[in-house]
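S.K.: Take this structure, written in structure tokens, and hold onto it; I'll ask about it next.
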Amino acid sequence: MTSKQYKDLSIKEFTKAAEVYETDHAGVYNMCKKDYPDVLAELEKEPFDCLLDCGCGTAPMISLLHEKYPEKHYTGIDLTPKMIEAAKAKQLPGVEFVVGDCEHLPFEAECFDTVICCESFHHYPNPQDFFDSVYRVLKPNGRFILRDMTMNGAAVRWFCNNIEMPLAHMIGKGDVGIYGREDIQKMCDKAGLHMESFEKRGFCRLHCVIRKPETAPQTALTLGDVQETALIPLTIKANESRRPDHRIYDAKAVEIIEGLRIDTTQYDKFMSHEGVVARTILFDEELRKALKKYPDAVVVNIGCGFDDRFSRVDNGKVRWYNVDLPDSIAVRRKCFAQRDREFNIEGDLLSDTWTQDIPKGSVTIVIAEGLLMYFTEEQVKHLFSHIRDQFGKGYVLAELMHPMAAGNSKHHDTVKATKAQFHWGIADGREVELLCSGYKMLRETSFFEEMKKYTVAAKIGNLFFKKFNDRLAVYRFYRAEQGK
Ligand SMILES: C[S@@+](CC[C@H](N)C(=O)[O-])C[C@H]1O[C@@H](n2cnc3c(N)ncnc32)[C@H](O)[C@@H]1O
């Protein structure tokens, strides 16, 4: 069916329903009444002034609200003229009712601090248009409360959307689709909205609180700006942070991904997700340990992308240098505010100039996370030698990949979605000692060591395939005249 056919069907259904909608003979629509107390309770959690009810019907919600908070401003919109006629007949003073389509809300930008939508959303053939439209009319920091039907399990929802609803069309119902948490999350991401909570209440109710971020999304940031491989850890950190039981939290990643408004599904697959979470935890722990020993160290995060480790491990003393290619640093500057003791350096790690503005003489801790596998062995050797010669004394925390994985970029679950290719892998971290003098490996930890805490597959991996997963290796380095 076309969008117009769906909408015509809804109008037909609700033209009939309008007369009985708020009576005791409302039949199936009596179900909607169960939503009102929950929406009221949600609204009571914070003050509001200007509220829009999308798909308001005969305005049962606005009536309740108006009785309780008569001084607020209310607007109701509905596609079915008969519903709006019934709403207007209530003659609620100061309330505005409009016949219109919620997929294209006919209001000025940023004119409501609150938008509610109860049991209407499943009638919209273009749900993303509705989310985009809500984004436009909401004020910054405004709230959007969505109540609708849902079902647990993608298979059950598929059945409802593809079998049950088409059958219901035959008896004059205008239902189009019901959605799960991930569908709603994607719509929020694309619209630039932040999903604060998603609950399934009772048998089949979705109760979702969504917010328009206070600051405009990263205005000038587009996908073209971003080194695509940096999107993989960024997406994963954002998605992990949104989980109620998140293992790592990166508010900046959430903010940037929401600002980008792109489909990031291909950048977050199970293995990569678990790997990025594990490496974030392992690198953070290792760095905290090192900073306990050397609180005044200089930390240099090479190939930093959008990493925000500084905010997680800052001890109030460390001097922190993020190094990446000029275009990446330019984008980074747009996303991160200037912070004390943190500096961004535009530099090509394969040149000999990127270190010139970084202070020498202190213990230097270099982080190379998700980086070295994209270089050739020659380039890695050059980079390690340069670090040793320039900084004299310190540590390198490096992510290492196994040669088998390095030869298989095109089968990697997320990197295959980008144009990047792996080149360098080693089966044993000590090979670096042979590659470059002045380096001593202190320990090497397989990412499985962390991943095994969360899945059985990783427990098995940790028993049999430790070296085949990526590892975090810690090296001490010293320049010959520097001594150990
Ligand atoms: C089940 S009623 C819900 C009414 C009310 N929100 C409540 O909770 O009782 C669904 C309403 O959505 C309206 N509707 C369906 N598609 C719409 C659209 N594209 N734009 C605006 N309203 C729409 C219908 O006309 C109907 O009044």
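The values are calculated or read from the model by the stated rules, or taken from the named source; none is laboratory data. These numbers come from a predicted model, not from an experiment. Every residue, glycine as well, gets a Cβ built from its backbone with ideal geometry; the counts of neighbours run over all protein chains shown. Heads up: the accessible areas ignore ligands, DNA and RNA and are worked out on the full protein's heavy atoms, side chains in. Shrake-Rupley method; radii C 1.70, N 1.55, O 1.52, S 1.80 Å.
S.K.: Tell me the residue from V98, V115 that is open to solvent by less than 10 Å² (accessible area, probe 1.4 Å) and in contact with an Asp or Glu (Cβ under 9 Å, 6 or more places away or on another chain), please.
M.R.: Details: V98 fails: open to solvent by less than 10 Å² (accessible area, probe 1.4 Å).
Among V98, V115, only V115 is open to solvent by less than 10 Å² (accessible area, probe 1.4 Å) and in contact with an Asp or Glu (Cβ under 9 Å, 6 or more places away or on another chain).
S.K.: Further, regarding this structure: Could you tell me how many of the residues in the range 192-207 are open to solvent by 20 Å² or more (accessible area, probe 1.4 Å) and either assigned to a strand (DSSP E or B) or free of Cβ contacts under 8 Å to residues at least 12 places away in the same chain (or both)?
M.R.: 9
S.K.: Let me confirm something: among G425, G429, which residue is within 20 Å of G461 (Cβ to Cβ), outside any strand (DSSP E or B) and open to solvent by less than 10 Å² (accessible area, probe 1.4 Å)?
M.R.: Numbers: G425 fails: open to solvent by less than 10 Å² (accessible area, probe 1.4 Å).
Testing whether each residue is within 20 Å of G461 (Cβ to Cβ), outside any strand (DSSP E or B) and open to solvent by less than 10 Å² (accessible area, probe 1.4 Å) leaves just G429.
S.K.: If the Cβ limit is 7 Å and pairs must be 6+ apart or interchain, which residue in the range 2-28 that is closer than 23 Å to P127 by Cα and within 8 Å of the ligand (Cβ to nearest atom) pairs with which residue that is part of a helix (DSSP H, G or I) and of a type in the set (A, V, I, L, M)?
M.R.: Matching pairs, first to second residue: F14/M83.
S.K.: Take the residues in the range 104-118 that are under 25 Å from T15 (Cα atoms) and at pLDDT 95 or above, then tell me which one is farthest from the ligand (Cβ to nearest atom). Write out each step before concluding.
M.R.: Applying the first criterion (under 25 Å from T15 (Cα atoms)) to the range 104-118 yields 104-107, 115-118.
Those left that are additionally at pLDDT 95 or above: 115-118.
Working: V115: 12, I116: 8, C117: 7, C118: 3 Å.
Residue satisfying both the conditions and the ranking: V115.
S.K.: Also, quick follow-up: Of all the helices (runs of 4 or more DSSP H) wholly in the range 257-368, which have at least 1 residues that are touching a helix residue (DSSP H, G or I) at 6+ places or on another chain (Cβ under 7 Å), basic (K, R) and open to solvent by 10 Å² or more (accessible area, probe 1.4 Å)? Steps first, answer last, please.
M.R.: Working: elements: 270-293, 309-313, 326-335.
Fully inside the range 257-368 and qualifying: 270-293, 309-313.
S.K.: Considering only the range 436-484, state which residues are aromatic (F, W, Y) and over 30 Å from K360 (Cα atoms).
M.R.: So in the range 436-484, the residues aromatic (F, W, Y) come out as 439, 447-448, 454, 464-465, 468, 475, 477-478.
Of everything in the range 436-484, those that are aromatic (F, W, Y) and over 30 Å from K360 (Cα atoms) turn out to be F447, F448, Y454, F464, F465, F468.
S.K.: For the condition over 32 Å from the mean Cα position of the chain (by Cα) and either assigned by TED's automatic domain parsing to the domain that holds M170 or near the ligand (Cβ under 9 Å from one of its atoms) (or both), what is the one hit in T75, T80?
M.R.: T80
S.K.: With the condition kept exactly as written, say whether any residue in the range 450-471 is closer than 25 Å to D324 by Cβ and in the same structural domain as I367 (by TED's automatic domain parsing). Before you say what the answer is, go through the steps one by one.
M.R.: Initially, the range 450-471 is screened for residues closer than 25 Å to D324 by Cβ, giving 470-471.
From what is left, the residues that are in the same structural domain as I367 (by TED's automatic domain parsing) are 470-471.
Among the residues of the range 450-471, at least one is closer than 25 Å to D324 by Cβ and in the same structural domain as I367 (by TED's automatic domain parsing), which makes the answer yes.
S.K.: Among the residues of the range 450-478, which ones are open to solvent by less than 60 Å² (accessible area, probe 1.4 Å) and of a type outside the set (G, A, S)? Spell out the reasoning first.
M.R.: Of all residues in the range 450-478, those open to solvent by less than 60 Å² (accessible area, probe 1.4 Å) come to 450-451, 455, 458, 461-462, 469-475, 477-478.
Across the range 450-478, the qualifying residues are E450, M451, T455, N462, N469, D470, R471, L472, V474, Y475, F477, Y478.
S.K.: Any residue at all in the range 150-163 that is aliphatic (A, V, I, L, M), within 13 Å of the ligand (Cβ to nearest atom) and crowded, with 18+ Cβ neighbours inside 10 Å?
M.R.: Kept after step one, since they are aliphatic (A, V, I, L, M), are these residues of the range 150-163: 151, 154-156, 163.
Going one step further and asking which of them are within 13 Å of the ligand (Cβ to nearest atom), we end up with none.
Among the residues of the range 150-163, not one is aliphatic (A, V, I, L, M), within 13 Å of the ligand (Cβ to nearest atom) and crowded, with 18+ Cβ neighbours inside 10 Å, which makes the answer no.
S.K.: In contact with a strand residue (DSSP E or B) (Cβ under 6 Å, 6 or more places away or on another chain) and within 15 Å of the ligand (Cβ to nearest atom): does that describe V99? Outline the logic, then answer.
M.R.: Numbers: in contact with a strand residue (DSSP E or B) (Cβ under 6 Å, 6 or more places away or on another chain): no; within 15 Å of the ligand (Cβ to nearest atom): yes.
In short, no.
S.K.: Residues in the range 123-145 that are open to solvent by less than 10 Å² (accessible area, probe 1.4 Å), within 12 Å of the ligand (Cβ to nearest atom) and farther than 15 Å from I77 by Cβ: how many?
M.R.: 1
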